Each structure stands twice: as structure tokens, then as C-alpha cells.
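Engineer: My questions will all concern the structure given below.
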Amino acid sequence: MSAVLLDGHALAGEILAKVKVDATALRDSGRPAHLAALIAGHAGASEVYLRNQKKACAEAGIEFELHQLPDVVTEADALAELRKLNADAKVTGIILHQPLPAHISERLMREALDPAKDVESMTPANFGRLVMGQFSIAPSTASAALEVARRVRPDMTGLECVIIGHSEIVGKPLALLLLQSARHSPTVTTCHIATRDLAFHTLRADLLFVAAGVPGLVRKEMVKPGATVIDIGINRQKGPDGKSRIVGDVDPAVAEVAGYFTPVPGGVGPITVAVLLRNTVALATPRTPG
Ligand code: NAD
């Protein structure tokens, strides 16, 4: 079997076309969508993501500003910068890039972020709404992965679904999103670094989501024939030619057994950026009372 491959750029293009229409309407109304990205220290793996955000915002007509703080910035100064963005009326959305330098508390930063500008749904208030099913936007990577899976498996009722990774930015929100329906959810298993036998779980997955940050973690002998495999990993790795390239968490040979597979690069990554922009426009759109 040879898997159908996702064209992430095509699906992202569809989402962005609608974002552009909505962003133009906001601009015409005199209150444009305006995203502020806050980053402390080296961007690391976020570097590509940041570059793509900036480019996509320019194309969609969303204003974008980058606040790059030095890695020696104190926690107090980082919090002050965040509060300044909270108070800035022109800023309609804020993305706080992770990881932060070790001396800055991620928890304090998340708590300080204005939930009304939280485009990644990472504040305790918004994460709580996700748990309770009372949300309008969700973390962009988890939403993007789910959007891809729904295209292939519109009805997930009772399917065996396995997620590798339980981070607060990807794995946990994805599990919550998959469990939203009272009657039509898949059965969700979340694996992580302490999972004893990864293959035991992955081999029974109809739907397999991988977000571990480990290149080649999932090999083809770990995948059920015909399964839908969504690779969320984005890792920088040196190739045999010594050049650095982006690879996922899933060995590309998995495409030989899977029914559907998302390549890296060009899979979930571009869709994540599109969903982030869609979230930005949603938060910038004035709500009608009631
Ligand atoms: P993280 O380091 O916060 O979490 C990693 C998770 O994987 C943890 O739950 C950990 O327990 C688990 N894990 C690590 N090694 C494992 C192993 N050997 N076996 C089983 N589980 C293991 O990472 P994150 O922020 O969730 O990101 C995960 C990956 O997704 C990274 O490659 C990251 O670059 C990528 N990512 C992609 C996007 C996107 O837009 N597609 C967005 C965010 C993150």
C-alpha cells in the first residue's frame, strides 16, 4: 500500500483565502487584526514558524509585530513587556513563543496574558474553556492536526486514536478536541516519554498523531496498514551532506503502509500558521452581544 499524501500548502491556502476576506473586512472597518509575537532568547525551532507567521500575515492583510527580548531579559521585564502588549489597544492578538529561557516562569507568563488576546488558547482561563467545551478558538497546532484528520476521517466515532506527546501546546489540547463529542468521539490513548511499549499502542491506531520532537520515532513496522498518520513533529536535523534540514517525528517510509500520511515539511506546519491567522482574525472580530 502507498499512502495518500497531504498537500499542506493547498489546505492552508483554502483557510488563508477566507482569512484574507475577513481580515480585509476588519481593515475596512478601521480596526485591523494585529498580531504581536513575543519571544525571549533564541527562536530555536520557532524560527521557521516565526518567519512563516510574518509572511502569512503580510499576505493576509494582518498587521504583525515582533518583540524579540534578549535571552538575559529578567522575568519582571518580560512580564512588563507582555502587560504593555495587553494594554495596547491596537494589538488584537498575542502569541507567546515557547520555550522561554529557564529563568522565566512559563506559568506566570501564561497567567499574565490577556485571555481576550490569547490566540493560542494557552491561558488557564482559555484552556479551562477547552476542557469544558466552551471555546471559540483552540491551540493552532492541535486544531490544524484535527482539521487534517477530519478531512480523511469525517466520522471518528469509536475509532482507535493514539497521540504520541502530551505537551500543553499540542498533545493535551488535541486529546481534548478529539473528546469534545458526547457520542461521536474516537477512543483516545495518549502516549508519552514514560509509555512502556509504544508500538503496542501505535499498532492498533486507526488514527495516529505524533508530536514528540524525536526524528524517526515512528517506523513503518509500528503502524497499522491503512492507518491515518499525522506527523506534527518539526525537527532540524543534519543530513548526510552535512546540510541542515527539517524532518518530522515519523519515518517517511511509513507512507508504504499507511493509508494517509502528512509529510514534513509541507504537511501540518503550513496549516498551523493558517489556523493561527484564523484565530487572530476571530479574536479581532467584535462580538455581537448575547
Ligand atoms: P514537548 O517537548 O513539549 O513535548 C514532547 C512530548 O513528547 C512529551 O509529551 C514527551 O513525553 C513526548 N515524548 C518525547 N520523547 C518521546 C518518546 N521517545 N516516546 C514517547 N513520547 C515521547 O514538545 P512539543 O512542543 O509538544 O512539540 C512536539 C513536536 O511538535 C516538536 O517536533 C515540535 O517542533 C513540533 N511542533 C510542531 C508544530 C507545527 O506547527 N506542526 C507546532 C508545535 C510543535
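The values are calculated or read from the model by the stated rules, or taken from the named source; none is laboratory data. Since the structure is predicted, the reported quantities are computational estimates derived from the model, not experimental observations. Don't worry about glycine lacking a Cβ; one is built from the backbone with ideal geometry, like all the others, and counts go over all protein chains shown. Note: areas computed on protein heavy atoms with side chains; ligands, DNA, RNA excluded. Shrake-Rupley method; radii C 1.70, N 1.55, O 1.52, S 1.80 Å.
Engineer: Taking only pairs six or more apart or across chains, which ones have beta-carbon atoms under 7 Å, a first residue in the range 168-180 that is in contact (Cβ under 8 Å) with a residue 24 or more places away in the chain and more than 15 Å from residue 233 (Cα to Cα), and a second residue that is within 10 Å of the ligand (Cβ to nearest atom) and in a helix (DSSP H, G or I)?
Structural biologist: 173/142; 177/142
Engineer: Right, another one. Filter the range 197-208 down to the residues that are in contact (Cβ under 8 Å) with a residue 40 or more places away in the chain and not in a strand (DSSP E or B), then identify the one that is surrounded by the fewest Cβ atoms within 10 Å (Cβ to Cβ).
Structural biologist: This residue is 204.
Engineer: Does residue 76 satisfy being open to solvent by 20 Å² or more (accessible area, probe 1.4 Å), small (Gly, Ala, Ser) and at pLDDT below 95?
Structural biologist: No, not satisfied.
Engineer: I would also like to ask the following. Which residue out of 11, 66 is in contact with a helix residue (DSSP H, G or I) (Cβ under 9 Å, 6 or more places away or on another chain) and open to solvent by less than 30 Å² (accessible area, probe 1.4 Å)?
Structural biologist: 11
Engineer: Follow-up question, since we're still on this one. Which residues, taken from the range 141-174, are open to solvent by 30 Å² or more (accessible area, probe 1.4 Å), in a loop (DSSP other than H, G, I, E, B) and within 16 Å of the ligand (Cβ to nearest atom)?
Structural biologist: Scanning the range 141-174 gives 166, 167, 168, 169.
Engineer: Also, I was wondering about something else. In this structure, is residue 217 surrounded by 13 or more Cβ atoms within 10 Å (Cβ to Cβ) and farther than 23 Å from residue 270 by Cβ?
Structural biologist: No: the conditions fail for residue 217.
Engineer: Now a separate question. Give 252, 286 a once-over and let me know the one that is in contact (Cβ under 8 Å) with a residue 24 or more places away in the chain and open to solvent by 10 Å² or more (accessible area, probe 1.4 Å).
Structural biologist: Selected residue: 286, the only one of 252, 286 that is in contact (Cβ under 8 Å) with a residue 24 or more places away in the chain and open to solvent by 10 Å² or more (accessible area, probe 1.4 Å).
Engineer: So if I check each of 112, 116, which one is in contact with a Lys or Arg (Cβ under 7 Å, 6 or more places away or on another chain), under 28 Å from residue 77 (Cβ atoms), hydrophobic (A, V, I, L, M, F, W, C) and more than 16 Å from the ligand (Cβ to nearest atom)?
Structural biologist: Going through 112, 116 in turn, just one is in contact with a Lys or Arg (Cβ under 7 Å, 6 or more places away or on another chain), under 28 Å from residue 77 (Cβ atoms), hydrophobic (A, V, I, L, M, F, W, C) and more than 16 Å from the ligand (Cβ to nearest atom): 112.
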